[in-house]
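Structure, as structure tokens:
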Amino acid sequence: HAKAAGGSAFVSFRAQMQEGLVERLELENDLRAALENHDLRLHYQPTVDLDTSEVVGFEALVRWPHPTRGMINPLDFIPIAEATGMIVPLGRWVLHEACRQAVEWSAAAGGRPLKMSVNVSVRQFDQPDFAETVAAVLAETGMPADRLCLEMTESVLMTDTEANLEQLVRLKALGLTLAIDDFGTGYSSLAYLRRFPVDTLKIDRSFVERLGGVLTGDTALTDTIVRLGKSLGMATVAEGIEEFGQLAALREMGCGFAQGYYFSRPVPAAEAGRLFLEGADTPVETSV
Ligand code: C2E
Ligand code: MG
Ligand code: MG
Ligand code: MG
């Protein structure tokens, strides 16, 4: 009996595995087609200067409007793009589109500077010609290098440090800004912060979540990260602000910039463009 039950369980497990594989292959093919047909989209989430409450820039976040499955989130297809290597052309497209858009918005706002942040995967960063790719995109789009910020997770900075350091130096030489994304969640050693030419710490949402409550201990880690950034001469950006209490706590700590649903969700290009144009007159905070 036990054997029969085990056997059938195994068969159904295998059937499920196959279903999973088929679905995965389907997604992979669809993603390849979406990339070729320019069906991917970028949404943009504003970055707010906590001193002035102005929108000073955006983070580009890729979206995949799938013909039958609806909008697919990056966490569900970036891993496929990474595993297949598609992330390299996909990432180049994201970079190009985000820079093109930033130049357009800035021009529409009479040249008002706009900082654009783009997420970079380890696999992209590891391409020996990545810095050349970025340089080419800047030239193609007319984007001033100092208005581009590349966001990388701590894992990029931690692996194979010599090659990574060279790559970071090449990127910095272009004149752009480098940020550590989701700071505080990785297996980071603080030593690399001194070693690598990084400009900005993006404080992970998991820290921000605990701010504004009654437990003072919950603010200690965030406060420490903000101080760390300051003492290293780095800018600090808090991710995932959803409530006024969190905003107030971060201001108190002297955090420089913030993003989060409290200000705006990531929005399609047209809406983001409006946010930026209005942003000079109306601080986004008062319009929420
Ligand atoms: P990330 O770079 O840390 O981006 C922040 C994520 O948090 C975004 O999710 C954003 O929509 C979400 N978020 C922002 N504010 C709030 C908030 O107040 N509350 C909550 N609960 N969430 C908030 P999204 O767009 O789904 O992107 C997820 C991740 O996918 C990104 O995390 C990034 O690692 C990756 N990703 C997105 N676009 C790209 C891309 O073009 N290239 C690469 N390589 N990765 C990307
Ligand atoms: Mg990011
Ligand atoms: Mg992040
Ligand atoms: Mg995050």
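The values are calculated or read from the model by the stated rules, or taken from the named source; none is laboratory data. Bear in mind that the values here come from a model prediction, so they are computed numbers and not experimental data. As a convention, Cβ positions derive from the backbone with ideal geometry for all residues, glycine included, and neighbour counts pool all protein chains shown. Please note that ligands, DNA and RNA were not included when accessible areas were found on the heavy atoms of the full protein model with its side chains. Shrake-Rupley method; radii C 1.70, N 1.55, O 1.52, S 1.80 Å.
Key figures for this structure:
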read-out: Test: residue in the stretch 73-83 that is in contact with a strand residue (DSSP E or B) (Cβ under 6 Å, 6 or more places away or on another chain) and part of a strand (DSSP E or B); value: no
read-out: Positions within the stretch 116-133 being of a type in the set (A, V, I, L, M) and within 16 Å of ligand 4 (Cβ to nearest atom), in sequence order; value: VAL118, VAL120, VAL122
read-out: Pairs where the first residue, in the stretch 185-209, is under 28 Å from GLY175 (Cβ atoms) and touching a residue at least 40 places away in the same chain (Cβ under 8 Å) and the second is within 16 Å of ligand 2 (Cβ to nearest atom) and of a type in the set (Phe, Trp, Tyr), C-beta under 8 Å, 6+ apart; value: LYS202/PHE183; ILE203/PHE183
read-out: Some residue of the stretch 127-148 being within 16 Å of ligand 2 (Cβ to nearest atom), under 27 Å from LEU21 (Cβ atoms) and at pLDDT 95 or above; value: no
read-out: Selection from the stretch 158-183 of residues that are in contact with a strand residue (DSSP E or B) (Cβ under 7 Å, 6 or more places away or on another chain) and either without any contact (Cβ under 8 Å) to a residue 60 or more places away in the chain or more than 16 Å from ligand 4 (Cβ to nearest atom) (or both); value: LEU168, LEU171, LYS172, LEU176, THR177, LEU178, ILE180, ASP182, PHE183
read-out: Yes/no for THR52 being outside any helix (DSSP H, G or I) and either under 25 Å from PRO144 (Cα atoms) or at pLDDT 95 or above (or both); value: yes
read-out: Enumeration of residues in the stretch 112-122 that are under 28 Å from SER189 (Cα atoms) and in a loop (DSSP other than H, G, I, E, B); value: VAL120, SER121
read-out: Subset of the stretch 26-58 (residues that are within 16 Å of ligand 4 (Cβ to nearest atom) and either on the phi > 0 side of the Ramachandran plot or open to solvent by 10 Å² or more (accessible area, probe 1.4 Å) (or both)); value: HIS43, GLN45, THR47
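To keep it simple, each residue is scored yes or no on (1) buried (at least 17 other Cβ atoms within 10 Å of the Cβ); (2) over 16 Å from the mean Cα position of the chain (by Cα); (3) away from ligand 1 (no atom under 16 Å from the Cβ); (4) under 25 Å from ALA258 (Cβ atoms).
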site: GLU82; (1), (2), (3), (4): yes, no, no, no
site: ALA109; (1), (2), (3), (4): no, yes, yes, yes
site: GLU151; (1), (2), (3), (4): yes, no, no, yes
site: ALA173; (1), (2), (3), (4): no, yes, yes, no
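Each row is one residue, and each column tells you yes or no for (1) in contact (Cβ under 8 Å) with a residue 24 or more places away in the chain; (2) of a type in the set (Val, Ile, Thr); (3) within 16 Å of ligand 4 (Cβ to nearest atom).
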{"site": "LEU61", "(1), (2), (3)": "yes, no, yes"}
{"site": "TRP105", "(1), (2), (3)": "yes, no, no"}
{"site": "PRO113", "(1), (2), (3)": "yes, no, no"}
{"site": "THR153", "(1), (2), (3)": "yes, yes, yes"}
